[in-house]
Ligand code: NDP
């Protein structure tokens, strides 16, 4: 993992921050993107990464994602890994017609991943190497009441990742989907309906595991020999039940 050039979206908190900490320990060369610049700078400073390691990025804008990736290549001469991690989870029942939440969820969780893929592919194709890690969810495998739109985006991430896997075979690019269950992060804060947020927080308080669990999965996928392609990792807290529901935790 040493010296691998890794771009991480959504590195300002939660899973992205945990992956950043883990990969910094392994001496990867990291370039971090998210909207909250102060938070990114604080992470970079704590790990002595330098201000150059940070690019304020909104993943709903292709130009900004491209700038993030271009910056990494300009700085380090190549890009080895992108972790398309930025996401939100504003659960609510469809009947509440939360159009803004639907739009944001699709823009960040689905288009943001596509933009990350689109930004790195020209470089990875040219290099004939690279690794694209997309963050899905248990909700990429199942849907429950209140989670339809989120689950649709996370199913979409898995479908896009599998299509990508088949397309990039000729270019020696690896693709990994990581699908976590409940992990303790700021994710429930993205829920705009207070009753739903309360349910999800109660579930997380009961079962969620620490964010370094995700970082370990990233490290496992990245540290395999070049000819080994870990296509998906699905993991949950041991105590999390099978069902996925935002309405009755
Ligand atoms: P957090 O809320 O802690 O982190 C979300 C990250 O996404 C933040 O760094 C945030 O940064 C970033 N982000 C949100 N919107 C944008 C945007 N428009 N542009 C750039 N960055 C953005 O939650 P998690 O760490 O849990 O979430 C990370 C991923 O993990 C998400 O894709 C989530 O769906 C997935 N996941 C999480 C699970 C969990 O239980 N925690 C379970 C399954 C999947 P900023 O606000 O600074 O832009």
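Based on this model, can you work out whether residue 176 counts as under 20 Å from the mean Cα position of the chain (by Cα) and closer than 17 Å to residue 89 by Cβ? Spelling it out, it is not the case that residue 176 is under 20 Å from the mean Cα position of the chain (by Cα) and closer than 17 Å to residue 89 by Cβ.
When you scan the range 46-55, do you find a residue that is closer than 28 Å to residue 106 by Cα, within 13 Å of the chain's Cα centre (by Cα) and crowded, with 24+ Cβ neighbours inside 10 Å, even just one? No, because not a single residue in the range 46-55 is closer than 28 Å to residue 106 by Cα, within 13 Å of the chain's Cα centre (by Cα) and crowded, with 24+ Cβ neighbours inside 10 Å.
Per the listing 22, 78, the residue uniquely surrounded by fewer than 21 Cβ atoms within 10 Å (Cβ to Cβ) and touching a strand residue (DSSP E or B) at 6+ places or on another chain (Cβ under 6 Å) is 78. Quick check: is even one residue across the range 228-240 closer than 24 Å to residue 100 by Cβ and buried (at least 18 other Cβ atoms within 10 Å of the Cβ)? No. Residues considered: 155, 91. Of these, the only one that is part of a loop (DSSP other than H, G, I, E, B), under 20 Å from residue 15 (Cβ atoms) and within 15 Å of the ligand (Cβ to nearest atom) is 91. Regarding residue 224, is this residue part of a loop (DSSP other than H, G, I, E, B), at pLDDT 95 or above and closer than 28 Å to residue 25 by Cβ? For residue 224, the condition - part of a loop (DSSP other than H, G, I, E, B), at pLDDT 95 or above and closer than 28 Å to residue 25 by Cβ - is met. If you check residue 246 against the conditions, is it at pLDDT 95 or above and more than 10 Å from the ligand (Cβ to nearest atom)? Here the answer is no, as residue 246 does not meet what is asked. Within the range 150-168, identify whether any single residue is over 23 Å from residue 218 (Cβ atoms) and either free of Cβ contacts under 8 Å to residues at least 60 places away in the same chain or crowded, with 23+ Cβ neighbours inside 10 Å (or both), and answer yes or no. The answer is yes, given that some residue of the range 150-168 is over 23 Å from residue 218 (Cβ atoms) and either free of Cβ contacts under 8 Å to residues at least 60 places away in the same chain or crowded, with 23+ Cβ neighbours inside 10 Å (or both).
Restricting attention to the range 84-97, the residues that are crowded, with 19+ Cβ neighbours inside 10 Å and out of contact with any helix residue (DSSP H, G or I) (no Cβ under 6 Å at 6 or more places or on another chain) total 0.
The residues of the range 99-141 that are within 12 Å of the ligand (Cβ to nearest atom), closer than 25 Å to residue 220 by Cβ and surrounded by fewer than 23 Cβ atoms within 10 Å (Cβ to Cβ), listed by number, are 138, 141.
The values are calculated or read from the model by the stated rules, or taken from the named source; none is laboratory data. Bear in mind the structure is a predicted one, so any value in this text is a computation, not a measurement. Positions of Cβ are generated from backbone atoms using ideal geometry, with glycine treated the same way; all protein chains shown enter the neighbour counts.
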